[in-house]
Each structure stands twice: as C-alpha cells, then as structure tokens.
1. How do the pairs read when you match residues in region 70-91 that are of a type outside the set (S, T, N, Q) with residues anywhere that are open to solvent by less than 30 Å² (accessible area, probe 1.4 Å) and in a loop (DSSP other than H, G, I, E, B), using Cβ under 9 Å and keeping only pairs 6 or more apart or on different chains?
2. Which condition from (1) out of contact with any His (no Cβ under 9 Å at 6 or more places or on another chain); (2) modelled with pLDDT under 70; (3) aliphatic (A, V, I, L, M) is the one that Leu339 breaks?
3. Quick check on my filter: what residues within region 173-203 are on the phi > 0 side of the Ramachandran plot and crowded, with 17+ Cβ neighbours inside 10 Å?
4. Kindly provide the set of residues from region 376-401 that are exposed (fewer than 15 other Cβ atoms within 10 Å of the Cβ) and more than 30 Å from Asn48 (Cβ to Cβ), ordered by number.
5. Tally up the residues in region 152-163 that are in contact with a strand residue (DSSP E or B) (Cβ under 8 Å, 6 or more places away or on another chain) and open to solvent by 70 Å² or more (accessible area, probe 1.4 Å), please.
6. Tell me whether region 287-308 contains one or more residues that are under 30 Å from Leu224 (Cβ atoms) and modelled with pLDDT under 70.
7. Would you mind finding the one in Glu156, Glu163 that is under 20 Å from Leu47 (Cα atoms), of a type outside the set (A, V, I, L, M) and in contact (Cβ under 8 Å) with a residue 60 or more places away in the chain?
8. Which residue out of Arg464, Arg450, Arg425, Arg454 is open to solvent by 90 Å² or more (accessible area, probe 1.4 Å) and modelled with pLDDT of 70 or more?
Amino acid sequence: MNISQFLLILLARKRIIFATILATLGLTLAVSMLLPKTYKATASVLLNYKGQDALTGVIMPSQLLPGYMATQIDIISSKNVAARVIDQLKLAHHAEVVARFQGATGGNGTVRDWLAELLLKNLDVVPSRASSVVEINFIGSDPKFAATIANAFAEEYQRLSIELKAEPMKKASAYFNEQTKLLRDNVEAAQSRLSKYQQERGIVSIDNRVDVEMVRLNELSAQLVQAQGQAMEAASRQGMAMGARGAESPDVLANPVIQNLKVQLAGAESRLAEAGGRLGRNHPQYLSARAEVDKIHSLLGGHTRTASNSVANNAAILQQREAAIRAALAAQKTRVLELNRGRDELGVLVKDVESAQRAFDASSQRFSQTKIEGQSEQSDISVLNPATAPLGAAGPRILLNTMLSLFLGTVLGLAFALLVEMVDRRVRCENDMAEVLQMPVFGVIDWNARERKRSHALGALLPRRLRLS
C-alpha cells in the first residue's frame, strides 16, 4: 500500500473516522465533567548541602552530592514520614476515616498504614534540575486539606532529617564515652607503672647527659688517668732511690737534712785530714776527728735510707690510690650500665604513657564532637515556600483531556478505517486491480459525474477521456 492508496481509503472511510473522533471526544468530556475536582498544594524546601558541615567543619566529597539529592527525595516519599504526618494531624483517630478503613480493608491491617499508603499515592516529590529546591506536591479533593498535608510532609521531613543526623551521633557519643573511661584508666595505670619504676630504680630523667652518675664516672676516669701518671713517676723514683746509686737520687739529694749532713761531713773530713797531717793516728785529737766523721757518715747513711724508704712509701701509696680509683671506676661503670638498662625500660614505660595519653586525647576530642552533634537541633533543610490552599482546581484538566482525546480518537479512527477496509476490500485505483486480481491494466477511465451533456441523456454515461496503456 502506497500513500495514494492510503489516502483513498481514508477518504472513503471518513465517516468512520469522524464518528470515532466524535465518540472519543464526547466520552472524554462526559468523564471529565463527572470526575470530582482535585486541588494540588505545593510546599518548597531548600536542601542546604554546601559540602561542609556548619557544626563540625567536615567536608563532604563532591561525588556524593548527586546521591544526596536522590536520598532526600526517597526520605520525603518514605512511609515513615507519611506515618509521622498521620500522627501529627491525628488522622487515624477520625471516625469517618476508621469507617472508610473498615469498608475498604475489612479490618485487616492498621488504619495508620492504610492512610500512609493513600497519602503516598497522592504525593509527588519533584526535584529541581538546576538548584537544590525540592517541591512537595499533594493532590486532594479539599484545597485546605491538601495544603495542610503538604506542609505537614515538609515539617516532618525536616524533623526526621534532624533525627537521622542526631541519632547516630548519640549512639557514637555513648560508645566514645565508654572508650574514654577505659582509656583514662589505661593512662592512669601507665603513669602508675612509670612512677613506681622510677621510685624503685631512682631514675629521675631518661636523659643521661645530665645524670649525676655519668658526671661521677667522668670524674673518676680523669682521676684514674692522673693517679696512673703519678704512680708511674713514683715507681721510677723508687727504682732510682732503692738502687745502687740511691744516694744520687733527686729525692735524696733534695733532702735538706742530708744536704746539711754532707756539709758537716765535708767539714769533719777536712778537720780529720788536717789532724792526720799534724798528728799521729793514735792522737786523741785525731781519734776525736775520726769519730766525728764516722758519726756523720752513720747519720748520713741513716737519713739516706730514710729518704729512700720515704720515696718507696710514696710510690706504694700512689699505687694503692690508683687501685682504689680503678676499682671505684669499675663499680661506677657497672652502676652506669645498670642505669642505662633502667633508662631503656623507663623509655618504654614513658612511650606507653604517651601512647595512652594520645589515645585518650583523641577519644575525648571525638567524644566532645559527637556529643555536640548529637545535641544539635540544626538542620540542612529549610522550608522555602509553605503550601497555601490553591484557588483553582488542578483537575480534571478538560482542555488537556480534550486534546489527548482528539489525538486518541484520530488514531482509533484511522485504525478502525483500516480494519473495515481489510474486512471489506474495494477497488479504488488501477493499482488495486493489479494487486487484487493479479491482472494487467490496459486502460483507465477518468470519470467525472458532474460534467454532463444536457442534449443527450446517454452522453452522461460516456467517458470524457479514454486513456490506453
């Protein structure tokens, strides 16, 4: 079927098409006039999602914002909000509503759930494409009731958003409160162990650079070096003083008594030599001079031995002092090593205290934050435009229904015309002859019944033109 055939069919079946359109229009107008009037009330709410919480300063990732809008729309149209609206307006306690519920459900279920489903059927939540404004539309037969329901949905949605935000914070606050108490006990226990360890070991600070024991160790080391030098020098002097040439020792020669005795010895020897030159060996003066020289020699030897023994005693004393300092240094090293091991253990205890303190501080800070958030009544939802009772009815929309029925009637008329044509097929052009009868067409008579010849009655039946093909 080509376009010309289709148009010929529509021209032939125009009565069916027009009748279908008229029937559809009439039925639509009748139904529109019989339907009760409905009113639509709209409440606008603003979602202030700026990506940052005004209380905590937490920044929301930008990729979560599109899902945020869809989530809020689902919350508005949830059964929980509808049930809260019913409780706020006390709709479930009206006798008329209870009677309608009994007639509709036979008493199955609850009035609250049944009313919530009815309200959600007439609720329409429309988000804005270019802004964060959401329109809450409610359609009802009473304009004041529709406005009241729309405003109730906006208010309950705002309250529910606060509860959904604050309730998890309250639970988290209770959890952090318990954790804070536990971490406080841990801090006290760690500090107690640290204090007890310091008292037992006598360690005041973990810094060994300012420790008295380390200073004493350094002093003993310096004293030992000095004592070793003195002992070595005393040993050398002892060796010289106790040797064969002990009289030539510096310590012996420096003795003033020995020096005085040497002077006296020189004087006595001089007098003995003078007496020996003048007198004989048995002369009393010579014997007296000789006895004086022997006496001085004896005194000089005694004092020389005393000076040598003094040098030896000094060397022994210095060696004993060196040994004592060395022993004290070894003991101090042992003490310092023990203190160092104690400081290592003390450092571990100090780190335990610091770690417990950091955990306690973090938990306390988080507890304070969640407690403030749980007690906050701030909401990201603001009622921008409350709903008012509409002045005009939103439905039925007669003009729109008429336009739709005209379009539907046209489609149905075309469908009925084609259906009738398929049932009662007619030949309307040369193409139909070729397709239906499967016969070649040799000619077409162009017939026009309006042009007739007045002079002859048979002329009206003759064709005006004969076209052979």
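1. none
2. Evaluating Leu339 over (1) out of contact with any His (no Cβ under 9 Å at 6 or more places or on another chain); (2) modelled with pLDDT under 70; (3) aliphatic (A, V, I, L, M) leaves (2) as the failure.
3. Result: no residue meets the conditions.
4. Leu391, Gly392, Ala393, Arg397, Ile398, Leu399, Leu400 - these are the residues of region 376-401 that are exposed (fewer than 15 other Cβ atoms within 10 Å of the Cβ) and more than 30 Å from Asn48 (Cβ to Cβ).
5. Count: 1.
6. For region 287-308, residues under 30 Å from Leu224 (Cβ atoms) and modelled with pLDDT under 70: present.
7. On the way: Glu163 fails: in contact (Cβ under 8 Å) with a residue 60 or more places away in the chain.
Step by step, each of Glu156, Glu163 is checked, and only Glu156 is under 20 Å from Leu47 (Cα atoms), of a type outside the set (A, V, I, L, M) and in contact (Cβ under 8 Å) with a residue 60 or more places away in the chain.
8. Numbers: Arg464 fails: modelled with pLDDT of 70 or more; Arg450 fails: modelled with pLDDT of 70 or more; Arg454 fails: modelled with pLDDT of 70 or more.
Of the residues listed, the single one that is open to solvent by 90 Å² or more (accessible area, probe 1.4 Å) and modelled with pLDDT of 70 or more is Arg425.
The values are calculated or read from the model by the stated rules, or taken from the named source; none is laboratory data. Keep in mind that this is a model prediction, so the values were computed, not measured. Cβ: placed from backbone, ideal geometry, glycine included. Neighbour counts: every protein chain shown. Note: areas computed on protein heavy atoms with side chains; ligands, DNA, RNA excluded. Shrake-Rupley method; radii C 1.70, N 1.55, O 1.52, S 1.80 Å.
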